[in-house]
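Shown next, in structure tokens, is the structure this report addresses.
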Amino acid sequence: MSENTSGINFNSKNAASYEELARKAVFGYDQLFKMVLSFLSENQNNYADVLVVGCGTGMELKTFGTLMPNWRITGVDPSEEMIKHSKAKVDEYKLNTRVSLQQGFVDGLPEEDKYDFSTLIFVLRFIRTAEDKKSLFKSIAKRLKPGAKFIIIDQYGDPNSAEFNSLSNSWKNFMKYNGTPSELANKIAEQAVKQSFIDEEELHQLLSETGFERINRFYNSFIHGGWIVEKKY
């Protein structure tokens with residue numbers, strides 16, 4: 001099944017407030033994108049073609065584009081509203097000559113275009129089934145060079161486990177201490193559980209089956225995790 005059949009309402013009216021909420025809900029939200037960059041390149045003068053899957057409000061486009069002057073970046077997102085947000089960020093930081101935006105899905109991009117890196121940040125939660133996740137990973141792998149790095153960040157774990165419930169409660173406390181009203185923090189946590197979760201073992205299996213190896217977790221905060229992997233040669 002193609003990744004564009006997951007039945008998601010991407011055109012959410014809440015898109016404009018996403019970044020504000022993310023900063024209160026995700027530990028180190030702004031620094032996280034620079035953390036990702038630190039895994040992808042050691043030299044600001046490096047040339048690279050980069051695929052940002054689910055470019056959303058444009059945080060990766062802004063971070064990568066402003067700090068890496070020789071990177072050419074393709075951002076893809078199925079949501080018209082999110083593409084508008086990304087374009088506004090691209091225009092604001094004058095990145096138009098190096099950033100191209102595509103409304104749609106990864107499987108709509110040319111397979112002959114091969115990228116040095118790819119990111120999938122806070123997207124996997126919207127892909128409902130394991131088969132759809134696998135399809136997305138396959139689509140990304142087809143468009144990466146051998147040895148290319150691929151970074152995934154998202155929520156993970158088993159919502160039915162005692163460990164997860166403990167982490168989720170601590171996460172709600174963090175959001176409240178970070179200025180989120182109690183009612184909103186509870187609502188965010190409740191909505192998170194309704195989204196798609198993947199446990200780490202299943203994630204490793206899906207990545208291994210779709211052409212990736214050297215899977216390492218580099219980020220962990222409450223129910224969020226980050227992994228760096230490489231496309232097999």
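The values are calculated or read from the model by the stated rules, or taken from the named source; none is laboratory data. As the structure is a prediction and not an experimental result, all values here were calculated from the model. All Cβ positions, glycine included, derive from the backbone under ideal geometry; neighbour counts span all protein chains shown.
Based on what the data block shows, is residue 198 part of a loop (DSSP other than H, G, I, E, B) and either over 14 Å from residue 24 (Cα atoms) or free of Cβ contacts under 8 Å to residues at least 24 places away in the same chain (or both)?
Values: part of a loop (DSSP other than H, G, I, E, B): yes; either over 14 Å from residue 24 (Cα atoms) or free of Cβ contacts under 8 Å to residues at least 24 places away in the same chain (or both): yes.
So residue 198 passes the test.
Of the conditions (1) buried (at least 19 other Cβ atoms within 10 Å of the Cβ); (2) more than 20 Å from the chain's Cα centre (by Cα), residue 166 fails just one. Which one is it?
(1)
Within region 67-93, restricting attention to residues that are of a type in the set (Gly, Ala, Ser) and under 23 Å from residue 110 (Cβ atoms), which residue is surrounded by the fewest Cβ atoms within 10 Å (Cβ to Cβ)?
The residue in question is 79.
Please count how many residues of region 14-40 are without any contact (Cβ under 8 Å) to a residue 40 or more places away in the chain and not in a helix (DSSP H, G or I).
Within region 14-40, residues that are without any contact (Cβ under 8 Å) to a residue 40 or more places away in the chain and not in a helix (DSSP H, G or I) number 1.
Criterion first (within 19 Å of residue 22 (Cα to Cα) and at pLDDT 95 or above) does residue 54 satisfy it? Full working, then the answer.
On the way: within 19 Å of residue 22 (Cα to Cα): yes; at pLDDT 95 or above: yes.
So residue 54 passes the test.
Cβ-Cβ below 9 Å, separation at least six or inter-chain, first residue in region 50-61 and more than 13 Å from residue 98 (Cα to Cα) and in contact (Cβ under 8 Å) with a residue 40 or more places away in the chain, second among the acidic types (Asp, Glu) and surrounded by fewer than 24 Cβ atoms within 10 Å (Cβ to Cβ): which pairs?
56/19; 57/19; 59/19; 59/30
On the given criteria, is residue 6 of a type in the set (S, T, N, Q), in contact with a Lys or Arg (Cβ under 9 Å, 6 or more places away or on another chain), closer than 30 Å to residue 170 by Cβ and at pLDDT below 95?
Working: of a type in the set (S, T, N, Q): yes; in contact with a Lys or Arg (Cβ under 9 Å, 6 or more places away or on another chain): yes; closer than 30 Å to residue 170 by Cβ: yes; at pLDDT below 95: yes.
When the stated conditions are applied, residue 6 passes them.
Taking region 196-206, which residues are within 17 Å of the chain's Cα centre (by Cα), under 18 Å from residue 128 (Cβ atoms) and modelled with pLDDT of 90 or more? Can you show your working first?
Filtering region 196-206 for residues within 17 Å of the chain's Cα centre (by Cα) gives 196-200, 203-204, 206.
Still in the running and under 18 Å from residue 128 (Cβ atoms): 196-199, 203, 206.
Within region 196-206, 197, 198, 199, 203, 206 qualify.
If a residue must be outside any strand (DSSP E or B), touching a helix residue (DSSP H, G or I) at 6+ places or on another chain (Cβ under 9 Å) and either more than 16 Å from residue 21 (Cβ to Cβ) or aromatic (Phe, Trp, Tyr) (or both), how many such residues does region 206-233 contain?
Adding up the residues that qualify gives 7.
So which of 64, 117, 126, 122 is among the hydrophobic types (A, V, I, L, M, F, W, C), surrounded by fewer than 21 Cβ atoms within 10 Å (Cβ to Cβ), within 15 Å of the chain's Cα centre (by Cα) and modelled with pLDDT of 95 or more? Step through it out loud before you land on a result.
On the way: 64 fails: surrounded by fewer than 21 Cβ atoms within 10 Å (Cβ to Cβ); 117 fails: surrounded by fewer than 21 Cβ atoms within 10 Å (Cβ to Cβ); 126 fails: modelled with pLDDT of 95 or more.
Testing whether each residue is among the hydrophobic types (A, V, I, L, M, F, W, C), surrounded by fewer than 21 Cβ atoms within 10 Å (Cβ to Cβ), within 15 Å of the chain's Cα centre (by Cα) and modelled with pLDDT of 95 or more leaves just 122.
Which one of the conditions (1) in contact with a Ser or Thr (Cβ under 8 Å, 6 or more places away or on another chain); (2) surrounded by fewer than 21 Cβ atoms within 10 Å (Cβ to Cβ); (3) at pLDDT 95 or above; (4) part of a loop (DSSP other than H, G, I, E, B) does residue 1 fail to meet, given that it meets all the rest?
Among (1) in contact with a Ser or Thr (Cβ under 8 Å, 6 or more places away or on another chain); (2) surrounded by fewer than 21 Cβ atoms within 10 Å (Cβ to Cβ); (3) at pLDDT 95 or above; (4) part of a loop (DSSP other than H, G, I, E, B), the lone unmet condition for residue 1 is (3).
Take the conditions aliphatic (A, V, I, L, M), at pLDDT 95 or above and over 17 Å from the mean Cα position of the chain (by Cα) and apply them to residue 109. Does it pass?
Values: aliphatic (A, V, I, L, M): yes; at pLDDT 95 or above: yes; over 17 Å from the mean Cα position of the chain (by Cα): yes.
Yes, satisfied.
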